[in-house]
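Structure, as structure tokens:
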Amino acid sequence: MPNSVTPNSAILVIGSYPPRVCGIATYTQDLIDSIIRKFEPSFSVMICAIDSKDHTTNYPEEVKYILDYTNEQAYVDLAKSINQNAVIKKVFIQHEFGLFGGEYGEFLLRLMCQLEKPASITFHTVLPEPPIKQRQVVTLIGEMSNHIVVMTRHSANLLSEVYQIPDEKISVIPHGTHIISWRERLLKKQNHILKNRLILTTFGLLSTNKNIETALSALQKIVPQFPNVLYLVLGKTHPEVKKNQGEVYRRMLEQKVEEFELTEHVIFVDEYLSLQQLLAYLQLTDIYLFTSKDENQAVSGTFSYALSCACPIISAPIPQAEEMLRRQAGVLIDFNNADMVANQAIRLLSDYNLRQNMSKNAFAITRNTVWENAAIAHVGLFKQYLNDSQQPIYKLPPINLKHIYALTTDIGMIQFSKISVPDLNSGYTLDDNARALIAICMYYDKTRDKAVLGLITTYLNFIWLCQKPFGDFLNYVDECGNFTRQNAAVNLEDSNGRAIWALGVVLSFQDILP
């Protein structure tokens, strides 16, 4: 039975959910948290947690429904409850094989046949060569969905070509990632007790598909050349694996560590890490090893998080890796090939500059995949089902001037930074200081924060410095405050226009400025 619900428009997300421990549960929670962070409470988010009838999970308040995935009738009952709840305007379903009951998860069809609300489905796995029955189930789910979300272009192409689902129904929304700062990553490594170790890392719920034994075999070749290598295997055994098989796989791996004489080079962190702990470990990582042996895996949350933490990656060739690593953020290896893992690891560990370039590329290509962007894309699929008064309202983040202060010296705002680290050698420009002056004047108008008056003075003085006797301006100034030769060769109309614009903004605020 549903709990009480908030009397407004709502999205209902159907998926596994914490404290249940699985990858889909983590994904569902991260998606919902990002929607809540990004939008004002003009609508609510409810969860239907997928579990079994005899579950003992103590779910949080936002879980309004629980679906017993083993009970076919429960899918029909859930559909009726959703249909009767006028607050629910849209249903998002997280799909993974094994998450729903029946052959190939066919019980889900009972829910979708009865559902009167628009539904979108996220396929976490799309198989390229499914059995006939499995293809039929997926095709029917696709036909009954208003919209389908996948996380790679490869999966979108499969839905179109293998399952005959129209392209206009399909959206590619990359797996979300958490924001870290480049500077924080550098400082973490410099100040950590493991700063003198070369860190290789794998994380996630432990199961045979992780194929950790391939990485351990590779270590036998890596360690003689890099005796300071340390391989971190982070994560508890998957709950379903533990329930059915106990710790057989972990014990086997531990035996291999002893057999290969790697006890000084491998640490198993047998914990379900918090997000903060996980990101901290990833920021220490020199190379992330993704050695999965599941050839049907399309996307990995662990891969996504490692990439977003700027880890160079050695990866098995799942579609997500093939699409992301082509931009020189890591290297692909064949499935189950310890020699390739070893050879690539040795190559990367031997070349600090290569690793740094891969790290920067990984950081850059995942900036658009942050969870807040995933939230905007998902809510975009929801907006068309709301009337004008129900439309989602963006929740603006608090204004943060930390990077502006970091870029500003006594002379003015530095032209460039290397990721988030100011590059003083790049000097200064009139362009950037004019923009900065406009932005900080607008900030002062909004907040009356007297602490920024010094910034306004600095940028105004820089424009004064750049003005020539006849009123026009030069643009380029070196790190010492001297004009550079570029001023004689480069078109300056844009920078002159911005300077006049910025001065006009200052004049428009003369009643509030000192």
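The values are calculated or read from the model by the stated rules, or taken from the named source; none is laboratory data. These numbers were taken from a predicted model, which means no experiment stands behind them. Cβ atoms come from the backbone with ideal geometry, glycine included; neighbour counts cover every protein chain shown. For the accessible areas, the whole protein counts, side chains as well, though only heavy atoms, and no ligand, DNA or RNA atoms are used. Shrake-Rupley method; radii C 1.70, N 1.55, O 1.52, S 1.80 Å.
Inside the range 73-104, residues that are out of contact with any Pro (no Cβ under 8 Å at 6 or more places or on another chain), among the β-branched types (Val, Ile, Thr) and under 30 Å from GLN297 (Cβ atoms) make up a count of 1.
Residues of the range 475-514 that are open to solvent by less than 30 Å² (accessible area, probe 1.4 Å) and closer than 15 Å to ILE411 by Cβ: ASN475, VAL477, GLY481.
Does ALA10 qualify as being crowded, with 23+ Cβ neighbours inside 10 Å and either among the small types (Gly, Ala, Ser) or in contact with a Cys (Cβ under 9 Å, 6 or more places away or on another chain) (or both)? Full working, then the answer.
Details: crowded, with 23+ Cβ neighbours inside 10 Å: no; either among the small types (Gly, Ala, Ser) or in contact with a Cys (Cβ under 9 Å, 6 or more places away or on another chain) (or both): yes.
When the stated conditions are applied, ALA10 does not pass them.
The single condition among (1) aliphatic (A, V, I, L, M); (2) under 25 Å from TYR405 (Cβ atoms); (3) touching a helix residue (DSSP H, G or I) at 6+ places or on another chain (Cβ under 9 Å) that ALA451 does not meet is (3). Of the residues making up the range 264-297, just one is crowded, with 24+ Cβ neighbours inside 10 Å, β-branched (Val, Ile, Thr) and more than 20 Å from ALA364 (Cβ to Cβ), namely THR291. Of the listed requirements (1) under 24 Å from VAL172 (Cβ atoms); (2) surrounded by 12 or more Cβ atoms within 10 Å (Cβ to Cβ); (3) of a type in the set (S, T, N, Q), GLN415 misses just one: (1).
In the range 101-140, how many residues are closer than 21 Å to HIS175 by Cα and not polar (S, T, N, Q)?
Residues of the range 101-140 closer than 21 Å to HIS175 by Cα: 119-128, 138.
Those left that are additionally not polar (S, T, N, Q): 119, 121, 123-124, 126-128, 138.
The total comes to 8.
Listed by position, the helices (runs of 4 or more DSSP H) inside the range 298-390 whose residues that are of a type in the set (Asp, Glu) and either surrounded by fewer than 23 Cβ atoms within 10 Å (Cβ to Cβ) or touching a Ser or Thr at 6+ places or on another chain (Cβ under 8 Å) (or both) number at least 2 are 319-324. Note on the range 179-228: among residues that are small (Gly, Ala, Ser) and modelled with pLDDT under 95, the one that is nearest to the chain's Cα centre (by Cα) is SER181. If only residues of the range 418-453 that are in contact with a strand residue (DSSP E or B) (Cβ under 7 Å, 6 or more places away or on another chain) and open to solvent by less than 20 Å² (accessible area, probe 1.4 Å) are counted, the one that is farthest from ASP511 (Cα to Cα) is GLY427. The lone criterion from (1) without any contact (Cβ under 8 Å) to a residue 12 or more places away in the chain; (2) more than 17 Å from the chain's Cα centre (by Cα) left unmet by GLN276 is number (2). Close Cβ contacts (under 9 Å, 6 or more residues apart or on different chains) running from residues in the range 306-334 that are modelled with pLDDT under 95 and charged (D, E, K, R) to residues that are in a helix (DSSP H, G or I) and open to solvent by less than 10 Å² (accessible area, probe 1.4 Å) comprise ARG327/ALA362.
Scanning the range 279-297 for residues that are in a loop (DSSP other than H, G, I, E, B) and under 14 Å from ASN211 (Cα atoms) yields a count of 6.
Those strands (runs of 3 or more DSSP E) of the range 148-242 in which 2 or more residues are open to solvent by 10 Å² or more (accessible area, probe 1.4 Å) occupy 170-172, 198-203.
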